[in-house]
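Trainee: There's a structure below that I have some questions on.
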Amino acid sequence: MSAEVLSGKTVSALVRERLKKDVAQMKLDLPGFRPGLAILQVGDRDDSNLYISMKLKAAAEIGINASHVRLPKTATEEEASSADTVLRNIIQVNENPEIHGLIVQLPLESINPINTERVTNAVAPEKDVDGLTSINAGKLARGDLGDCFIPCTPKGCMELIKQTGTSIAGKNAVVIGRSKIVGAPMHDLLLWNHATVTTCHSKTADLAGQVLRADILVVGAGKPEMVKGCWIKQGAVVIDCGINHVPDTTKASGKRVVGDVAYSDAKERASFITPVPGGVGPMTVAMLMENTVESAKRFLENNKPGRWHIQLTSLNLLNPVPSDIEISRACIPKPIDKLAREIGLFSDEVELYGKTKAKILLSTMKRLQDQPDGKYVVVTGITPTPLGEGKSTTTVGLVQALGAHLKLNVFACVRQPSQGPTFGIKGNSLCTGGAAGGGYSQVIPMEEFNLHLTGDIHAITAANNLVAAAIDARMFHENTQSDKALYNRLVPVNNTVRTFSPIQINRLKKLGIDKVHPDTLTEEEIAAFVRLDIDPDTITWQRVMDTNDRFLRKITIGQSPTEKGFTRSTQFDITVASEIMAVLALTDGLEDMQKRLANMVVASSRKGVPVTAEDLGVSGALTVLMKDAVKPNLMQTLEGTPVFVHAGPFANIAHGNSSILADKIALKLVGPEGFVVTEAGFGADIGMEKFFDIKCRYSGLRPHVVVLVATVRALKMHGGGPVVTAGLPLQKEYTEENLDLLEKGCSNLRKQVENAMAFGVPVVVAVNVFKTDTDAELELVCRLAKEAGALDAVRCTHWAEGGKGAVALAHAVQRASETPSNFKFLYDVELPIIDKIRIIAQKIYGAADIELLPEAQQKADLYTKQGFGNLPICMAKTHLSLSHNPECKGAPTGFVLPIRDIRASVGAGFLYPLVGTMSTMPGLPTRPCFYDIDLDSTTEQVNGLF
């Protein structure tokens, strides 16, 4: 009796139909989700192209999103400088959460040597839908069938065997061939389905005798019709995996396809047999699709789409709470590359700086450009007092609560602190950067956070001082040389050829000189080109350093005889006061940073024309110095949630917020259900207003929630409480219940809530609890906050309890983010400069009006004339009061705000009116912190830093 033919086409069609339904159900359950498959090919073999087209067609039919990664014949196995590397492409697919299966089409057709074994093993086992990695092969060999991917051809053979209804258990099975793709895994698969398996190969004695004992025969030898019909046991199941071409003059091609079994004869003895073609072949493709769908299902079981699979760190809470540094050192940070993988970053987007910090490449933005943004939260506070409000601690506590306790994707974005005050005085009143938080709500490691980090501030120092050197050198050379001598040196002859550099071409265009050949300029054009004619009295650019040094607040330069008497008075600022720091914080990419650096105005000419960094010829070099600093720095909180630490501009003469780039990348990474929490320096009247009117104006981002931080103690000071002196115990007004004093101080809270609401954003008040606070006091603050318009007001204990102590705040922020945010700017930038200043003074500070001193009026006129009148305003005033008087607490009204001067940070993109005198270089106290700082030479532990 003739055998029943096992049609792979028929069975595979059933499999594909089932898979199509599975994928359709996935799409219903998770709109937007699709199983993903990538096929990597090296070269352009016709047979490979045919197989790939079959796989792509099958994937499309089922609903799998399949992509073809084609590399040229010149591809190498691994070469970091080339994109055409097999391993680099495999790693990219391994890390892509939208791709669930990866197959490497063999053979790899390259003119360069490639280790196929190494390449196939580079595929992540969980995406190895071909089942060819050593890990999957090992799991199959030891019987872990539910925890591996089975190679597609053996899996297809098993499916065909099962279609016969034959019970495999206890049967004698013979496998001919021992290849890693068919024979070896087929043996393991039959064995773990309880058959007694014999593997035969080229060295097997009495092959016919072995075959004759087989109830189940699987042949994958690659030899045409090797197995004769008379070898087959009567009633055996025969699976023929061979595909061979033999001559046939009756065919147009001159050849026909046959298997490894003599089909016609074997058919008369077997009970079931697969044809060639049309047997195992179609099943191989169907099983590849099945493995891909299975991989997608496993992915969904282990990962909620859009949710990070992140390892969190449990806190060992102690009471009393140890010092910040003791808490930080008691927590072992997880490797930063692990955190990067957990939050969806690819390895080639991460530059490691040791084990606890890394830089993130801006290419991440391009990859994630179509990803919806998460929810955007800004943390601000009441007007600061020496008692502290804890904005940084609240920022970290909130993200720990959202991430570790509510299990949401969340990122903190904070400023990098200046290193100067670290060695100077703790709690310096200057806003010289960010803070790591405190207690059980910290960014770790603290030492890394507060010292060099990744060198961004050093890069800014170098770039800033290069500009300063260029200014003085240019003035010196213009003062000591003729036009011709200057021209010959600025545009020298090299190998008999004189050419302009690209930056010099830009200067010519700015001057309206439409020429590109140096020898064609007239004398007048040469004079205009070589002479910036800087007026020394208009120079606004200072040198900087990241060390507190009061003796650099005013200096004289040029005293060496070699400078020929060209001296001038100038000063040093601390590095975070540099305009380049503000540029870093406000840029949205490398190209934009390049333009901003070029546009920085450093002085005016004697004719009143702005002189820029590009005019000096230095802006390209600045971009080179800043090319790494522009990449955000990745760190982590005590509970293992991610933090971007990037940029740390002053919050008075600059805008006091971390970088736009960090926020934008974080918003993409967290996804639409996640949160990004950033902190604005000082109180809501300064940092928050600048966050909205400057940072959000340039970023295009729209915030969802304002978290306003307050403490009972600080509000009592605003109510008229006694002066606090560092080092002395707090007076009883701050340690005992005093509702009257507290209610008076809540006028400041009320005003800051109103300030936030003026921008149309919901407000949640976070009340940081101290052990001396009473329930009545906390209830009073929360009630008055809500009466002022806050959507909610909650008590927070995250300093002592970490994220657990901010869970109520996290829930309140979640609710607030779901309410409408009707965000709007405070003013139109096209208004006159004076009008914009007046709006801020009246609406945010509570002033009756402003008073411009002559210098300020002159600058307003000058900047309007120079074309800078449409820049936003960055008010530089004391952070200790809503008014210009730091002693005036609460919510003063009716005062006139004096504007002493107005200065321009054109590259950064704002004008900053000066209200009073602003110190931009801190000094060292009698006993600086450096007395306590030392290094343990045995353990290399830093001691005394905090």
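Trainee: Suppose we filter the stretch 857-905 for residues that are touching a strand residue (DSSP E or B) at 6+ places or on another chain (Cβ under 6 Å), under 20 Å from Met600 (Cα atoms) and surrounded by fewer than 17 Cβ atoms within 10 Å (Cβ to Cβ); how many remain?
Mentor: Going through the stretch 857-905 one residue at a time, the tally reaches 1.
Trainee: So, one more: Could you tell me whether any residue of the stretch 738-745 is in the same structural domain as Ala793 (by TED's automatic domain parsing) and within 26 Å of Ile840 (Cβ to Cβ)?
Mentor: yes
Trainee: Given Ala788, Ala848, which one is of a type outside the set (S, T, N, Q) and out of contact with any helix residue (DSSP H, G or I) (no Cβ under 7 Å at 6 or more places or on another chain)?
Mentor: Values: Ala788 fails: out of contact with any helix residue (DSSP H, G or I) (no Cβ under 7 Å at 6 or more places or on another chain).
Step by step, each of Ala788, Ala848 is checked, and only Ala848 is of a type outside the set (S, T, N, Q) and out of contact with any helix residue (DSSP H, G or I) (no Cβ under 7 Å at 6 or more places or on another chain).
For (1) of a type in the set (Val, Ile, Thr); (2) more than 30 Å from Ala788 (Cα to Cα); (3) in contact with an Asp or Glu (Cβ under 7 Å, 6 or more places away or on another chain), each residue gets a yes or a no:
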position	(1), (2), (3)
Met875	no, no, no
Leu882	no, no, yes
Arg903	no, yes, no
Val915	yes, no, no
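Trainee: Pick out the one residue from Leu661, Leu634 that is at pLDDT 95 or above, surrounded by 24 or more Cβ atoms within 10 Å (Cβ to Cβ) and more than 19 Å from Ile580 (Cα to Cα).
Mentor: Residue meeting the stated conditions: Leu634.
Trainee: Here are some conditions: (1) in contact with a Lys or Arg (Cβ under 8 Å, 6 or more places away or on another chain); (2) at pLDDT 95 or above. Asp188 meets all but one. Which one does it not meet?
Mentor: (1)
A quick yes/no check of all residues on (1) assigned to a loop (DSSP other than H, G, I, E, B); (2) touching a Leu at 6+ places or on another chain (Cβ under 7 Å); (3) not assigned by TED's automatic domain parsing to the domain that holds Gln371:
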| position | (1), (2), (3) |
| --- | --- |
| Ala270 | yes, no, yes |
| Val276 | yes, no, yes |
| Thr284 | no, no, yes |
| Thr292 | no, yes, yes |
| Lys297 | no, no, yes |
| Leu300 | no, no, yes |
| Leu312 | yes, no, yes |
| Asn319 | yes, no, yes |
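Listed here are the residues, each with its yes/no results for (1) surrounded by fewer than 16 Cβ atoms within 10 Å (Cβ to Cβ); (2) outside any loop (DSSP other than H, G, I, E, B); (3) in contact with a Pro (Cβ under 6 Å, 6 or more places away or on another chain); (4) of a type in the set (A, V, I, L, M).
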site: Ile513; (1), (2), (3), (4): no, no, no, yes
site: Leu532; (1), (2), (3), (4): no, no, no, yes
site: Trp541; (1), (2), (3), (4): no, no, no, no
site: Thr556; (1), (2), (3), (4): yes, yes, no, no
site: Thr562; (1), (2), (3), (4): yes, yes, no, no
site: Ala585; (1), (2), (3), (4): no, yes, yes, yes
site: Glu591; (1), (2), (3), (4): yes, yes, no, no
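Trainee: How many residues does the stretch 865-889 contain that are within 11 Å of Leu911 (Cα to Cα) and either at pLDDT below 95 or not in a loop (DSSP other than H, G, I, E, B) (or both)?
Mentor: Filtering the stretch 865-889 down to residues within 11 Å of Leu911 (Cα to Cα) leaves 868-876.
From what is left, the residues that are either at pLDDT below 95 or not in a loop (DSSP other than H, G, I, E, B) (or both) are 873, 876.
Going through the stretch 865-889 one residue at a time, the tally reaches 2.
Trainee: Examine the stretch 206-214 for a residue that is touching a strand residue (DSSP E or B) at 6+ places or on another chain (Cβ under 8 Å), in a loop (DSSP other than H, G, I, E, B) and surrounded by 23 or more Cβ atoms within 10 Å (Cβ to Cβ), and state whether such a residue exists.
Mentor: Yes, the conditions are met somewhere in the stretch 206-214.
Trainee: Spot the failing condition for Gly281; the list is (1) at pLDDT below 95; (2) out of contact with any Gly (no Cβ under 7 Å at 6 or more places or on another chain), and only one is missed.
Mentor: Going through the list (1) at pLDDT below 95; (2) out of contact with any Gly (no Cβ under 7 Å at 6 or more places or on another chain), Gly281 breaks only (2).
Trainee: Now for a different question. Just to verify a result, which residue in the stretch 215-231, among those that are under 25 Å from Ala169 (Cβ atoms) and in contact with a strand residue (DSSP E or B) (Cβ under 6 Å, 6 or more places away or on another chain), is surrounded by the fewest Cβ atoms within 10 Å (Cβ to Cβ)?
Mentor: Going residue by residue through the stretch 215-231, those that are under 25 Å from Ala169 (Cβ atoms) are 215-220, 227, 231.
Adding the requirement that they be in contact with a strand residue (DSSP E or B) (Cβ under 6 Å, 6 or more places away or on another chain) leaves 215-219, 227.
Numbers: Asp215: 19, Ile216: 24, Leu217: 28, Val218: 32, Val219: 29, Val227: 26.
So, considering only residues that are under 25 Å from Ala169 (Cβ atoms) and in contact with a strand residue (DSSP E or B) (Cβ under 6 Å, 6 or more places away or on another chain), the one surrounded by the fewest Cβ atoms within 10 Å (Cβ to Cβ) is Asp215.
Trainee: Which condition does Glu777 not pass, out of (1) part of a helix (DSSP H, G or I); (2) touching a Lys or Arg at 6+ places or on another chain (Cβ under 7 Å), if it passes all the others?
Mentor: Evaluating Glu777 over (1) part of a helix (DSSP H, G or I); (2) touching a Lys or Arg at 6+ places or on another chain (Cβ under 7 Å) leaves (2) as the failure.
Trainee: If only one of Ala808, Ala785 is crowded, with 18+ Cβ neighbours inside 10 Å, assigned by TED's automatic domain parsing to the domain that holds Ser441 and more than 30 Å from Gly909 (Cβ to Cβ), which one is it?
Mentor: Ala785
Trainee: Another one. Somewhere in the stretch 158-177, is a residue free of Cβ contacts under 8 Å to residues at least 24 places away in the same chain, under 48 Å from the mean Cα position of the chain (by Cα) and in a helix (DSSP H, G or I)? First the steps, then the outcome.
Mentor: Narrowing the stretch 158-177 to residues free of Cβ contacts under 8 Å to residues at least 24 places away in the same chain: 162, 165, 167.
Filter once more, so that each one left must be under 48 Å from the mean Cα position of the chain (by Cα): none.
Checked against the condition, which is being free of Cβ contacts under 8 Å to residues at least 24 places away in the same chain, under 48 Å from the mean Cα position of the chain (by Cα) and in a helix (DSSP H, G or I), the stretch 158-177 yields no hits at all.
Trainee: On to the next question. How many residues, within the stretch 854-913, are touching a residue at least 12 places away in the same chain (Cβ under 8 Å), among the acidic types (Asp, Glu) and under 30 Å from Arg713 (Cα atoms)?
Mentor: Going through the stretch 854-913 one residue at a time, the tally reaches 0.
Trainee: In the stretch 134-141, is there at least one residue being at negative phi and either in contact with a strand residue (DSSP E or B) (Cβ under 7 Å, 6 or more places away or on another chain) or not in a helix (DSSP H, G or I) (or both)?
Mentor: Within the stretch 134-141, not a single residue is at negative phi and either in contact with a strand residue (DSSP E or B) (Cβ under 7 Å, 6 or more places away or on another chain) or not in a helix (DSSP H, G or I) (or both).
Trainee: Check off (1) surrounded by 22 or more Cβ atoms within 10 Å (Cβ to Cβ); (2) modelled with pLDDT of 95 or more for Arg568 and give me the number that stays unchecked.
Mentor: (1)
Trainee: Something else: Condition first: without any contact (Cβ under 8 Å) to a residue 60 or more places away in the chain and either assigned by TED's automatic domain parsing to the domain that holds Lys877 or under 30 Å from Val829 (Cα atoms) (or both). Now tell me which residues in the stretch 915-946 satisfy that.
Mentor: Val915, Gly916, Thr917
Trainee: Hey, another quick one. Looking at (1) under 30 Å from Ile135 (Cβ atoms); (2) modelled with pLDDT of 95 or more; (3) β-branched (Val, Ile, Thr), find the lone condition where Ile243 falls short.
Mentor: Single failed check for Ile243: (2).
Trainee: Could you please let me know if Lys180 is surrounded by 19 or more Cβ atoms within 10 Å (Cβ to Cβ) and of a type in the set (D, E, K, R)? Lay out the reasoning, then the answer.
Mentor: Details: surrounded by 19 or more Cβ atoms within 10 Å (Cβ to Cβ): no; of a type in the set (D, E, K, R): yes.
Taking the combined requirement at face value, the residue does not satisfy it.
The values are calculated or read from the model by the stated rules, or taken from the named source; none is laboratory data. Note that the coordinates shown come from a computational prediction; the quantities given were computed from them, not determined experimentally. Neighbour counts are summed over all protein chains in view; Cβ atoms, including those assigned to glycine, are modelled from backbone coordinates with ideal geometry.
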